[in-house]
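S.K.: What follows is a structure written as structure tokens; I'll ask about it next.
Every read-out reported here was derived from the displayed coordinates using simple, explicitly stated rules and does not represent laboratory data. What you are looking at is a predicted structure, and each value in this text was computed from that prediction instead of being measured. Glycine gets a Cβ as well: all are built from the backbone with ideal geometry, and neighbour counts include every protein chain shown.
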Amino acid sequence: MFQRGQSQVKIALPKGKLWASTANLLTRANLGLKDYTDTERLYRFQSTKFSQLSAKIFHEKDIPIQVAVGNYDLGICGLDWVEELLAKYPASALLKVMNLKYGKGNLFGAVSQQSDISQLTEMVRVRGKWRIVSEYPNQAEAFALSLRLKRFQIFPVWGATEVYPPENADLVVIWGRDEKALGIEGLHPLKTLLNTEAVLIANQENWKTKDMTEIVTCFSSAIDRDLEQAEPVAKSAVSNLLPPSDGDSVWIALPDGHQQSPTMELLNKAQLQVDSYSAPVLNRRPTFSLDWIRAKVIRPQDMPLQVANGNFDLAITGRDWLLDHLYRFPSSPATELLSFDYGKVRIVAVVSRDLAADSTDGLKALVKSGELTPLRVASEYVNIADKYVWEHHLSPCRVIPTWGASEGFLPEDADLLIENAQTGQTLAKHNLKIIGELFSSTACLIGNKIPPKSFLKRQRLDYLVDVFR
């Protein structure tokens, strides 16, 4: 048991696919972290057994960063995200304490099953530029360099990596349970880059100065072959392989997640018949009754860049993500064509209720006084956040990119949050308050300012915009 006066020990726990198995591990370890559930939306909780042990929930990708900078002493996440950080910052203060024997999978370098490349040795004959899409841009770059590819470009995405080949990517670096799971998604693995599983990590400096022996012993005794929770094997309602389209086909990106259902209603109102978009098992290549429309289901966050690059002609995303893109790339050809009446949110500036600031000016005064120096700003909207702090002269500051569960960052790991809100009830539940509203956002139809050369394709685009209008 911890002794009186011992330093507080903080552990970062993952949300998402590792939740069930991690909850099982914590129960077996008897650490008193009983509030780690995926239903209550609690982000922080205290151990009922060890008074000095506390925990907070993060998106898995954020955990290695939080541990490396010393905000957390311990963390549980996939080895893939640890290696993603180390691929760019090899000197990060991370210590891999132990493998946890669940969350097993692999990081693959893969191509489409439609590709004429079937093994690595055949890649040298490809003379064009390789388009590489991945949630793991640092490891994707390292892979490309190891292959000595002369020309390549990395496209980071938030997810749905499997749907980009062959039209929008020549190569992907992607997590998969095994080669069979990749085959279901229409991908052919060229190389296994990493065998990955859940790991317990620690901050190197804190590991030296804090006695975490008892906690680690609890984890060691809990590791068991039966920790892994049964997870459904990935399924596709329709094969990822489609016949090639001609140059006059119109490509449209449809959103996944919470925008999927209202977008389906919009398509029905527009009398655009689409199959397999609202199916219980998400098919990322739904089909339209109009055979000249081709669709993919991707993350709304990725759509503006994909439209700007010419991979899609139209996309249904949020105005918030379009503006975040335009703030980074002001000359981008991506533009809003229509605004819809769903997906309404406010983009707001948020602080802890305990902070003595009720407005942006109040926050600015705290920064100027040195009480908040540098100002730590957390957000999924990195470019919107950056614009906000500079417009309001909230410097010095540090913008912290997040990948979800952003409201959990305040007040321990950030001072200001740029976030979306509908009613504000979730923010209030977590003892947060809104001190400013940046703008309002709805779902919108976006397109490319540069018209296609084909007259037929221009007609088809005009027709679809009119139908949506």
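S.K.: What full-extension length gain, to one decimal in nm, is calculated for Asp275 and Ala91 as 0.36 nm per residue of separation minus the Cα-Cα distance?
M.R.: 61.3 nm
S.K.: Oh, and also: Among bridges DSSP assigns within segment 105-195, what percent are antiparallel (round to 5)?
M.R.: On the way: 12 of 20 bridges.
Taking every DSSP beta bridge within segment 105-195, about 60 percent pair in antiparallel fashion.
S.K.: Rounded if a/c is under 1.5, else prolate if a/b beats b/c, else oblate: with a ≥ b ≥ c from the C-alpha gyration tensor eigenvalues square-rooted, which is segment 105-195?
M.R.: Rounded, because the longest to shortest axis ratio a/c is under 1.5.
S.K.: Sort Tyr327, Tyr463 so that the residue with the fewest other Cβ atoms within 10 Å of its own Cβ comes first and the one with the most comes last. Provide the component values of the computation, followed by the final result.
M.R.: On the way: Tyr327 17, Tyr463 12.
Fewest to most other Cβ atoms nearby, the residues stand as Tyr463, Tyr327.
S.K.: Between beta-carbons, use under 12 Å as the cut-off and find the net charge around Val199, counting Lys and Arg +1, Asp and Glu -1.
M.R.: -1
S.K.: Follow-up. Among 439-451, 420-432, how do they line up by average Cβ neighbours within 10 Å per residue, starting with the highest?
M.R.: Working: 439-451: 16.9, 420-432: 14.2.
Taking the mean over residues of other Cβ atoms within 10 Å, the ranking is 439-451, 420-432.
S.K.: Using the per-residue mean of other Cβ atoms lying within 10 Å as a proxy for protection, in what order, highest first, do the peptides 134-144, 85-95, 176-186 fall?
M.R.: 134-144, 176-186, 85-95
S.K.: Also: Highest mean first, how do 99-106, 25-32 rank when packing is the count of other Cβ atoms within 10 Å averaged over residues? Don't skip to the end; give the middle numbers.
M.R.: Details: 99-106: 19.9, 25-32: 18.0.
The peptides rank, most packed first, as 99-106, 25-32.
S.K.: 222 nm [θ] for the chain, helices only, -39500 (n - 2.57) per DSSP H run of 4+, per residue, to 500?
M.R.: -7500 deg cm²/dmol
S.K.: In the structure shown, do any of Lys429/Lys449; Lys269/Lys449; Lys15/Lys180; Lys17/Lys191 have a Cα-Cα gap over 31 Å, and if so which?
M.R.: Lys429/Lys449
S.K.: If you take the square roots of the eigenvalues of the alpha-carbon gyration tensor of the chain and sort them as a ≥ b ≥ c, do you get rounded (a/c under 1.5), prolate (a/b over b/c) or oblate? Don't jump to the answer; show the numbers that get you there.
M.R.: Details: a/c = 1.86, a/b = 1.31, b/c = 1.42.
Verdict is oblate for the chain.
S.K.: Ok, one more. Out of all DSSP beta bridges in the chain, what portion is antiparallel? Express it as a percent rounded to 5.
M.R.: Of the beta bridges lying entirely in the chain, close to 60 percent run antiparallel.
S.K.: Could you list Ile132, Ile293 so that the one with the fewest beta carbons within 10 Å of its beta carbon is first and the one with the most is last?
M.R.: Taking fewest neighbouring Cβ atoms as first place, the list is Ile293, Ile132.
S.K.: Just add up the charged neighbours of Met303: K/R +1, D/E -1, any other residue whose Cβ is under 12 Å from the Cβ of Met303.
M.R.: Result for the local shell: -3.
S.K.: State the antiparallel share, in %, of DSSP beta bridges confined to segment 345-441, rounding to the nearest 5.
M.R.: Bridges in segment 345-441 that DSSP calls antiparallel: roughly 60 percent.
S.K.: Between Glu391 and Glu205, what length comes free when the chain is fully extended (0.36 nm per residue of separation minus the Cα-Cα distance, one decimal in nm)? Show your work: numbers first, answer last.
M.R.: Numbers: separation 186, 0.36 × 186 = 66.96 nm, distance 3.67 nm.
So the extension gain works out to 63.3 nm.
S.K.: Which entries of Lys49/Lys104; Lys10/Lys34; Lys34/Lys104 show an alpha-carbon separation above 20 angstrom in the structure shown?
M.R.: Beyond 20 Å: Lys49/Lys104; Lys34/Lys104.
S.K.: If one takes the longest principal axis of the Cα atoms in the chain, at what angle in degrees, from 0 to 90 and to the nearest 10, does the Cα axis of helix 213-222 lie?
M.R.: 50 degrees
S.K.: Once the piece of chain linking Asn99 and Asp248 is laid out straight, how much longer is it, given 0.36 nm per residue of separation minus the C-alpha distance between them?
M.R.: 48.5 nm
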